[in-house]
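Working notes, beginning with the structure itself.
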Amino acid sequence: MGHPVAIEVRNVSKRYSDDPGLAPALDHVSVDIADNEFFTLLGPSGCGKTTLLRTIAGFEHVSDGEIRLAGEPVNDLPPFKRRVNTVFQSYALFPHMSVAQNIAFGLEMQGLDRKLIPQRVDEMLALVQMQHLARRKPAELSGGQQQRVALARALAPKPKVLLLDEPLSALDLKLRKEMQVELKRVQKEAGITFIFVTHDQEEALTLSDRIAVMSAGKILQIGTPNDIYERPQHQFVAQFIGDINFLPGHLKRGQNNEHLFVPSGMPVEIPCPAQGIDGKVQLAFRPERSQLVDPAQPHHLRGVIEAVLYVGTATLYQCRLNNDIKVMLRENNEGLNRSRGVGDRVAVNLPPHACLLMEA
Ligand SMILES: Nc1ncnc2c1ncn2[C@@H]1O[C@H](COP(=O)(O)OP(=O)(O)O)[C@@H](O)[C@H]1O
Ligand SMILES: [Mg+2]
């Protein structure tokens with residue numbers, strides 16, 4: 001019977017040094033990861049992603065807190081006694097062994113009955129679609145193929161949890177997109193919990209059931225890709241995932257008790273939902289959720305176009321608002337001729353559902 005929660009991380013802190021002046025690599029991190037979940041740790045370099053993986057794998061002791069795997073506390077279990085395996089960015093394949101031998105290696109270490117090994121190797125080769133290359137050596141494979149072998153080797157001993165530390169970051173963009181689709185398929189077919197580390201927000205949105213956004217040793221927000229993009233709870237999260245504009249200002253009540261946002265330095269009031277914040281706030285909005293319209297409309301921000309960037313599927317307009325704040329707007333290109341250009345005076349329509357309010 002599987003435990004419905006594969007991994008519980010409870011209030012885990014990790015300090016590499018006793019120097020109290022140094023910030024901990026992990027600072028009171030708590031998260032539950034479900035069985036068969038594709039869970040992603042996303043954050044900038046140095047925020048503690050690898051450290052969190054290493055504490056789950058057992059390569060690092062936690063300084064404080066507890067980790068449970070399938071309900072069992074594992075703080076004192078060495079790595080080889082945890083049903084957890086890791087795929088590294090560097091692949092770390094054995095160069096003198098064939099693809100099949102690389103995959104068999106972990107099974108031999110595990111002490112699997114020798115008669116059963118060839119069949120398990122074949123299953124794994126099929127899972128990553130590498131049957132035809134079983135006899136090749138790693139040096140005779142492309143980067144994407146090597147990554148598949150590393151994946152098959154890590155999955156062969158049937159771990160409960162697979163940890164993947166930026167496994168795609170060495171691949172070029174096109175191959176990386178292909179491998180993303182592959183990873184997702186393999187994860188669902190193998191029915192294994194994946195904890196995937198990336199600093200690439202688009203990769204995180206594409207692959208994950210849920211994402212934890214990390215910064216400076218802390219988890220700031222955990223949610224589905226939709227939650228994280230549509231309802232970021234911190235400025236850091238909003239900025240790290242996708243593009244976003246910020247306007248400082250304050251909230252006030254209108255005549256009918258509705259909420260209005262008043263941007264600093266502009267004589268305009270923008271209807272918005274209150275979202276439980278009062279007084280001084282930041283209003284955040286995504287470039288694709290607001291529209292450029294002709295000036296002279298009420299409730300609109302006003303400004304001038306400073307730059308027009310054509311990016312194929314869309315055109316980006318950089319506007320300097322009348323209060324001197326720059327915002328970026330995105331319009332999909334649908335074969336229409338654009339008549340707006342640098343120097344044009346415009347208004348920005350900000351529908352209430354596009355407004356995200358955050359603490360200033
Ligand atoms: N073995 C180590 N000894 C000392 N400090 C370390 C060690 N590994 C990581 N750190 C520090 O811990 C912090 C988090 O690092 P890491 O977990 O590797 O971040 P990420 O994987 O998100 O880039 C960084 O400040 C890093 O310098
Ligand atoms: Mg790392």
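Ranking request for peptides 298-308, 315-325, 43-53, 172-182: highest mean number of other beta-carbon atoms within 10 Å first, then the rest in descending order. Intermediate values should be presented prior to the final figure.
Values: 298-308: 16.2, 315-325: 17.7, 43-53: 20.5, 172-182: 13.9.
Per-residue mean Cβ counts within 10 Å order the peptides as 43-53, 315-325, 298-308, 172-182.
Take the residue pairs K49/K184; K49/K326; K158/K184 and return only those whose Cα atoms are more than 22 Å apart.
Working: K49/K184 20 Å; K49/K326 33 Å; K158/K184 17 Å.
The answer is K49/K326.
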Starting at the first residue of region 321-328, write each ³J(HN,Hα) from the Karplus equation 6.51 cos²θ - 1.76 cosθ + 1.60 with θ = phi - 60°, in whole Hz, x for Gly and Pro. 6, 5, 8, 6, 8, 8, 10, 10
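Could you check how many percent of all C-alpha pairs in region 238-324 are farther apart than 23 Å?
Numbers: 1027 of 3741 pairs.
The proportion of pairs with Cα distances above 23 Å equals 27 percent.
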D324 to N226: FRET efficiency via 1/(1 + (r/R0)^6), r the Cβ-Cβ distance, R0 30 Å, to the nearest 0.05? 0.35
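Do the alpha carbons of any pairs in K137/K177; K252/K280; K14/K218 sit beyond 21 Å of each other, and which pairs? All intermediate terms of the calculation are to be shown ahead of the outcome.
Values: K137/K177 25 Å; K252/K280 10 Å; K14/K218 11 Å.
Result: K137/K177 exceed 21 Å.
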Output ³J(HN,Hα) for region 224-238: one whole-Hz value per residue in order, computed from phi by the Karplus curve 6.51 cos²θ - 1.76 cosθ + 1.60 with θ = phi - 60°, and x for Gly and Pro. 5, x, 4, 4, 5, 7, 7, 10, x, 9, 9, 4, 4, 5, 4
Normalised by the residues of the chain, what does the relative contact order come to in percent, with Cα pairs under 8 Å and at least six apart? 15
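Express in nm, to one decimal, how much length is gained between A296 and A314 on full extension, taking 0.36 nm for each residue of separation and deducting their alpha carbon distance. Numbers along the way, then the final one.
Values: separation 18, 0.36 × 18 = 6.48 nm, distance 2.54 nm.
In short, 3.9 nm is gained.
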When a footprinting reagent is the concern and you count Cβ atoms within 10 Å, what order do K81, K14, K252, K115 take, fewest first? K115, K81, K252, K14
Sorted by chain and then number, the residues having a modelled amide H within less than 5 Å of the amide H of F196, at least 5 places away or on another chain, are F39, T40, L41, L164
Normalised by the empirical 2.2 N^0.38 Å for globular proteins, what value does the Cα Rg of the chain take? 1.21
Residues whose placed amide H lies under 5 Å from that of I219, excluding near-sequence neighbours: S30
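No value in this document is a laboratory result; all are computed from the given coordinates. All figures in this text were calculated on a predicted structure; none of them were measured in a lab. Cβ: placed from backbone, ideal geometry, glycine included. Neighbour counts: every protein chain shown.
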